[in-house]
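So the structure is just underneath, and the comments pick up after that.
The numbers here are math on the coordinates, done by the rules we state, and not lab data. Here the structure is a predicted model, which means the values were calculated and not measured. As a convention, Cβ positions derive from the backbone with ideal geometry for all residues, glycine included, and neighbour counts pool all protein chains shown.
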């Protein structure tokens with residue numbers, strides 16, 4: 001299992017087999033292995049990956065087991081097995097070469113936050129009649145029975161909308177451009193523009 005951190009740019013479309021296919025452009029910045037978490041020292045194994053700041057120089061100081069965190073503006077930790085951890089050394093750069101022969105990936109990030117949303121928008125309820133005399137347009141309606149005298153758990157009502165961690169599995173990779181470090185994946189990707197997403201494969 002491998003991972004990448006990418007920045008969501010925009011959506012567009014490509015032509016493939018005489019068909020328009022919607023794609024999302026993901027920009028992969030310069031990724032460095034910042035550190036490692038091992039079973040012996042940390043009771044679990046994971047790889048710490050960071051996005052290098054533009055113009056910064058990374059150097060592994062003597063006697064240190066990880067890079068300086070000041071050179072990175074975003075750091076993520078990915079769980080992995082011990083044999084996967086042995087493939088990387090601290091300071092290694094993770095490039096798009098890991099996507100060679102990869103056809104399907106999983107994309108994970110946080111969806112857009114729509115604050116407090118009414119039920120019609122949140123759950124895609126149908127609206128009421130807009131004719132003369134109707135007093136029911138965007139209201140929720142009945143939320144229960146006479147018995148039990150309470151609202152059932154899981155009732156679709158108004159409330160918090162968005163800001164959830166969403167994982168899209170088996171997303172096809174349409175194109176990989178290593179010159180500009182951009183990955184084209186089919187369909188939509190959670191999150192707003194310029195937000196970071198995790199590519200898992």
- Once you put a point 7 Å from the Cα of residue 101 and another 7 Å from the Cα of residue 77, both along the Cβ direction, what distance in nm separates them? 3.2 nm
- Listed peptides 133-146, 180-193 by packing density, highest first (mean Cβ within 10 Å): 180-193, 133-146
- Quotient of C-alpha Rg and 2.2 N^0.38 Å, computed over the chain: 1.40
- Amide N of the stretch 140-164 lying under 17 Å from the label point, which is placed 7 angstrom from the Cα of residue 192 along Cα→Cβ: 161-164
- Which residues in the stretch 186-201 have a backbone N closer than 20 Å to a point placed 7 Å from the Cα of residue 10 along the Cα-to-Cβ line? 186-197
- Taking R0 as 35 Å, what's the FRET efficiency between residue 19 and residue 84 from their Cβ-Cβ distance, rounded to 0.05? 0.40
